[in-house]
Amino acid sequence: MEKVKVAIVGMGTVGSGVARLLLDHGDRVIRHAGKILWLEEVVVRDVKKRRDVELPEKLVPTDDLSRVYKNDEIKVVAHLVGGLEPARTIMIELLKSGKDVVTANKALLAEHGPELFDLARELGRSIAFEASVAGGVPIIANISQCLSANQITSLRGILNGTSNFIVSQMEEVGASYADALKEAQVRGFAEADPTLDVDGSDAAQKLAILAHLAFGARVQWDEIPRVGIDQLDPADLAYAQELGYRIKLIATAQLREHGLELHVSPTLVRSGQPLAEVREAYNAISVVGDAVGNVFFHGLGAGQMPTASAVVADMIDTAVGRTALTFRTLQLWSQAEARVAVCDPQTLTGRYYLRFTVEDHPGVLATITGVLGRHGISISSIIQHEASQDENGSVVPLVIMTHTVLAGATAAAVAEIDRLLCVRPGSVRLRVLS
Ligand code: HSE
């Protein structure tokens, strides 16, 4: 049977999972590829480090990348090096030495996609990246191939498992933010720097990739407006529940009349809607296409074997030549003009959840609703619980749900309300999915 020699560069958690699938389940690979994917080299940073995968005696891990670059028989390389450098240089060298590359590194693609994809095209090579967004959930193949007959009109995703895990733990077992984050790190979902998970950056990097595939948007991930869950107050999880909602970190890309709505934000999602019911470290993406209607993807977006599942599927596709075909036709991150412009966030419309902490005096409610009214904001419901005491006297939380309004109007109204003497600092403004 034909043998395609492959290599793994980077034997962290995911790399070990990839080795395990190739070595222990070669039969599956043969069934789908019609050939053997022969693991020829494994490149590690530290050859002395113990790994949780048993390698055959003849397959000795090396820290010498040139063994891969110089071996012309190695055709496909799983590039599983995190971060930007040396990951970028290694990918460039792999492409230049004639390898097709499979990667899970979303940060690298979000930051250097145009350069790397242009180089791969120039050299007649391919880059496959299913594992870079939502780990084991096959969203890249679905958007770029299975749904290609559609104009996608909306894409909403829970793209960061760590954030979803933290919010679920806070909501369901009353865990503190710090304890839930620690647990996510122990379970191996979190990035090396978990700030990127909880401040919305990781989700924005994935959204930049999806928005490019689904809408032809050319946007740098750090230009995507994003708010993470790191400032989320447990009080808002409780109020949301009282109102019949859950709070989720939602990455949104939605076609509007004047362009593409694009942001990552903690959002109230009505309980019972599929996105609201995504728990723990699961990821989910709800996609609407003009022909197919609504499709929903759900699964583990991180962790060893889910991510390895996507990497090995890409290695098989690459070994049989499928990746090369789609890579050529899709022209990803080419110099072509963006097909859609990104909307100014202030001009978007939507519903909002507002929470103010206000003094419990006659006329305060009227003052606040007056400001909202002047900004054209219509109120859908209000919760005001009994007063608690703070150091400055009697204050009450005031929770307001709006009807559909202009985002810019809510921002301006909240800024004006925050300047009122009867309002304590720390007002909250969250989107509501409608
Ligand atoms: N740290 C990411 C998450 C997984 O928590 O979803 C890798 O993208």
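The values are calculated or read from the model by the stated rules, or taken from the named source; none is laboratory data. The model shown is predicted, which means the values in this text are computed figures rather than measured ones. FYI the Cβ positions are ideal-geometry reconstructions off the backbone, even for glycines, and counts take in every protein chain you see. Only protein heavy atoms, including side chains, enter the accessible area calculation; ligands, DNA and RNA are left aside. Shrake-Rupley method; radii C 1.70, N 1.55, O 1.52, S 1.80 Å.
Worth pointing out:
- Here segment 282-385 has an Rg and Dmax of 24.4, 74 Å, counting Cα atoms alone.
- Surface composition of the chain: carbon and sulfur make up 50 percent of the accessible area, probe 1.4 Å.
- Net charge of neighbours whose Cβ lies under 15 Å from the Cβ of GLY82, counting Lys and Arg as +1 and Asp and Glu as -1: -3
- C-alpha center-to-center spacing [segment 132-193, segment 254-289] in angstrom: 11
- Segment 141-301, accessible area per residue, ligands and nucleic acids excluded (1.4 Å, Å²): 38
- Nearest-ten-degree value, helix 364-374 long axis tilted from longest Cα axis of the chain: 60
- Solvent accessible area, Å² - THR369, 1.4 Å probe, full protein context: 40
- Where N is the number of residues in the chain, Cα Rg divided by 2.2 N^0.38 Å: 1.10
- Seen against the Cα atoms of the chain and their longest principal axis, helix 177-186 is set at about 10 degrees.
- About its Cα centre, the dipole of the chain is roughly 1160 debye, where the only charges are +1 on Lys and Arg Cβ and -1 on Asp and Glu Cβ.
- Spin-label proximity, ALA324 to segment 18-51 - amide N less than 18 Å from point 7 Å beyond Cα toward beta carbon: 33-38
- Cα→Cβ-extended label distance, 7 Å offset, between ARG279 and SER154, nm: 2.6
- Projected label distance in nm at GLN231 and GLN145, using a 7 Å step from Cα toward the beta-carbon: 4.2
- Candidate aspartates and glutamates for bridging to LYS70, where Cα separation is under 13 Å - those fewer than 8 sequence places away on the same chain excluded: GLU40, GLU41, GLU93
- Put ARG322, ARG355, ARG256 in order of accessible area, highest first, and with a 1.4 Å probe you get ARG322, ARG256, ARG355.
- In the assembled protein chains, ASP233 presents an accessible area of approximately 60 Å² (probe radius 1.4 Å).
- Segment 347-432, dipole about Cα centre (Lys/Arg Cβ +1, Asp/Glu Cβ -1), debye to the nearest 20: 460
- Percentage relative contact order, the chain, counting C-alpha pairs under 8 Å, at least six apart: 16
- Given charges at Cβ of Lys, Arg, Asp, Glu: segment 347-432 dipole, positive-most of LEU406, GLY373, PRO425: LEU406
- Residue-normalised accessible area of segment 320-434, expressed per residue, 1.4 Å probe, Å²: 52
- Charge sum, other residues only, whose C-beta stays under 14 Å from VAL371's C-beta, Lys/Arg counted +1 and Asp/Glu -1: +1
- Segment 141-301 - charge dipole about Cα centre, Lys and Arg +1 at Cβ, Asp and Glu -1, debye rounded to 20: 500
- Shape of segment 347-432, Cα gyration tensor, a/c cut at 1.5: prolate
- Measuring gaps between exposed loop sites in the chain (GluC sites (Glu not before Pro); DSSP loop; at most 16 other Cβ atoms within 10 Å), the longest gap, sites not included, is 74-256.
- Degrees separating the helix 201-215 axis from the principal Cα axis of the chain, which is the longest one: 70
- Exceeding the 30 Å Cα-Cα cut-off - candidates LYS75/LYS206; LYS75/LYS248; LYS48/LYS99; LYS35/LYS58: LYS75/LYS248
- Distance between modelled label sites at GLU416 and ARG339, nm, 7 Å Cα→Cβ extension: 4.1
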